[in-house]
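Right, one structure below, let's go through it.
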Protein chains: 2
Amino acid sequence: MKFTAHINVMPLKELLDPQGKAVNNSLHNLGLGQVQDVRIGKHIVLKLDAHNADEAKTMAETACKKLLANQVMEGFEFTITEG
Amino acid sequence: MKFTAHINVMPLKELLDPQGKAVNNSLHNLGLGQVQDVRIGKHIVLKLDAHNADEAKTMAETACKKLLANQVMEGFEFTITEG
């Protein structure tokens, strides 16, 4: 069966996010002063072949831990959908 | 009221995603050969002050169009949540 993993890898809350800070300033300069805070991470879409959703979940978690997220600085979360 | 916009900016389907291709190869080398395709974009979380969800939605869309997404190469989607 085919599954899709939608993964978000974000800088940990405890850490500064200089890219987010820069975008926040730019949005203020563009007239969007109501923006309070910006954090920027990665969105990764994996297409997987797996026997069931649990197997797909395990594969997505392995991919995050081994390659996609640097767990010293980043956290990850994901959802699995069919197809 | 406070709202949060969860924005995904992804390379358009019609375009090659070399970063995704490289990650796909790396996942195969790590033993995750069941991964078929990888696409990598940005996940951006905006904290906003707005009077209602519609205003928050307009602000998020403006931010995407003016700064966050390069619409020649990227598409965006977002959801708004309260708080």
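Laid out as a table, the results:
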{"quantity": "Close pairs from segment A:9-33: first at pLDDT 95 or above, partner acidic (Asp, Glu) and in a loop (DSSP other than H, G, I, E, B), Cβ under 8 Å, at least 6 apart", "calculated": "A:Pro11/A:Asp17"}
{"quantity": "A:Ile40 vs. criteria in contact with a Pro (Cβ under 9 Å, 6 or more places away or on another chain), β-branched (Val, Ile, Thr) and modelled with pLDDT of 95 or more", "calculated": "yes"}
{"quantity": "Enumeration of residues in segment B:49-78 that are of a type in the set (A, V, I, L, M, F, W, C), more than 12 Å from B:Ala5 (Cβ to Cβ) and touching a residue at least 40 places away in the same chain (Cβ under 8 Å)", "calculated": "B:Ala69, B:Met73"}
{"quantity": "Filtered residues of segment A:1-43 (kept if within 27 Å of B:His28 (Cα to Cα), open to solvent by 20 Å² or more (accessible area, probe 1.4 Å) and either in contact with a helix residue (DSSP H, G or I) (Cβ under 7 Å, 6 or more places away or on another chain) or more than 7 Å from every other protein chain (Cβ to nearest Cβ) (or both))", "calculated": "A:Met1, A:Lys2, A:His6, A:Pro11"}
{"quantity": "Subset of segment B:44-83 (residues that are within 12 Å of another protein chain (Cβ to nearest Cβ), open to solvent by less than 70 Å² (accessible area, probe 1.4 Å), part of a strand (DSSP E or B) and not aromatic (Phe, Trp, Tyr))", "calculated": "B:Ile44, B:Val45, B:Leu46, B:Leu48, B:Asp49, B:Glu74, B:Gly75"}
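The values are calculated or read from the model by the stated rules, or taken from the named source; none is laboratory data. Given the structure is predicted, the values throughout are model-derived calculations rather than measurements. Neighbour counts run over all protein chains shown; Cβ positions are idealised from the backbone, glycine included. Note: accessible area is taken over every heavy atom of the protein model, side chains too, but ligands, DNA and RNA are not part of it. Shrake-Rupley method; radii C 1.70, N 1.55, O 1.52, S 1.80 Å.
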